[in-house]
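The values are calculated or read from the model by the stated rules, or taken from the named source; none is laboratory data. The structure displayed is predicted, hence computed values, not measured ones. Don't worry about glycine lacking a Cβ; one is built from the backbone with ideal geometry, like all the others, and counts go over all protein chains shown.
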Amino acid sequence: MTFDVVIVGGSFAGLSAAMMLARARRSVLVIDSGLPRNRFAAHSHGVLGVDGIAGGDLLRQAKAQLLDYPSVRWASDTATHARATVDGFAVTTAGGETWAARKLLLATGIRDALPDLPGLPERWGHSVLHCPYCHGYEIGGGAIGLLGGHAMSAFMAGLLADWGQVTLFAHGMTLEPDEIATLQRRGVQIETEQVVALDGDAPQLSGARLADGRHIDLRALFVTTRQQMGSPLVEQLGCVLDESPVGVLVRVDAQKQTTVPGVYAAGDATVMGNITLASAEGVRAGVSIHHALVAEDAAPKAA
């Protein structure tokens, strides 16, 4: 069987795209490994209508609703290889299955490359965070930190001042005079001593330990991670990647099509965002793919 669309990735972008295609009565296969990026966070905030819901619960509800559509199939597997064929694309999984599709949507997300700091990984998503809009309100103010060393660190530190009393740990970076002045106006403290470890009973955080032995009390620490592609399929297919301030992103046009015709991408792999933005991009991709399928179906057939 050849599906109209195979979607690799069953998180917010992939599910949103699949819903649009299912409602257009198109055959869809979703291949998902069950490892969404936000699995480390207990709750998802800032999602209209379901603020504070656990991300896993939201995905389970969405999947159940999607599978009510008879044209949708689900494969709990990991897509390991994809290639173009005469009629579209073939996707092979770790389980040994090969699936054919006219169009391919990569909603494979990204991996967060965490800073190499003792005590950080076990607190990721709990007291070590990346998005103030997702988690900042729940911290409740007080002392918060930002681990520097990133091109966006000075900007982020000033932004975070709306959520608490911020210490920017320069962590080896050099700040320009105008950046220092801006941070001072925002009430941000600047600490030049290197952070060597995080303290407290994980996953909670009591503070940062510095190279000179000092301990700085913190309720939470924000970090800007380096994003990496969540799947090798993007590069296997030859999709062009662009550098961004947080890592590589898949280059797409306004219709969410990559530089490879017939291959679309949506979600965290294409935009720096959150659940809501990933879902919106998935809707855009699903509708665009449907338009492309209709155009193909309506085109004159070769004699």
* Return the residue satisfying two criteria in turn: it lies in the range 89-108 and is assigned to a strand (DSSP E or B) and of a type in the set (Val, Ile, Thr), and of such residues it is surrounded by the most Cβ atoms within 10 Å (Cβ to Cβ). => VAL91
* So is GLY136 part of a loop (DSSP other than H, G, I, E, B) and either free of Cβ contacts under 8 Å to residues at least 60 places away in the same chain or under 29 Å from GLY14 (Cβ atoms) (or both) or not? -> no
* To do: State whether the residues of the range 166-180 include one that is more than 21 Å from ALA151 (Cβ to Cβ) and of a type in the set (Val, Ile, Thr).
  => no
* Structure fact -> Considering the range 199-236, residues that are among the small types (Gly, Ala, Ser) and assigned to a loop (DSSP other than H, G, I, E, B), and then whichever is surrounded by the fewest Cβ atoms within 10 Å (Cβ to Cβ), we arrive at GLY213
* Please specify each residue of the range 237-267 satisfying the condition of being outside any loop (DSSP other than H, G, I, E, B) and loosely packed, with under 13 Cβ neighbours inside 10 Å. => ASP242, GLU243, SER244
* To do: Quick one: which residue in ALA302, ALA280 is part of a loop (DSSP other than H, G, I, E, B) and either over 11 Å from the mean Cα position of the chain (by Cα) or modelled with pLDDT of 95 or more (or both)?
  => ALA302
* Conditions (1) on the phi > 0 side of the Ramachandran plot; (2) outside any loop (DSSP other than H, G, I, E, B): number failed by GLU179 -> (1)
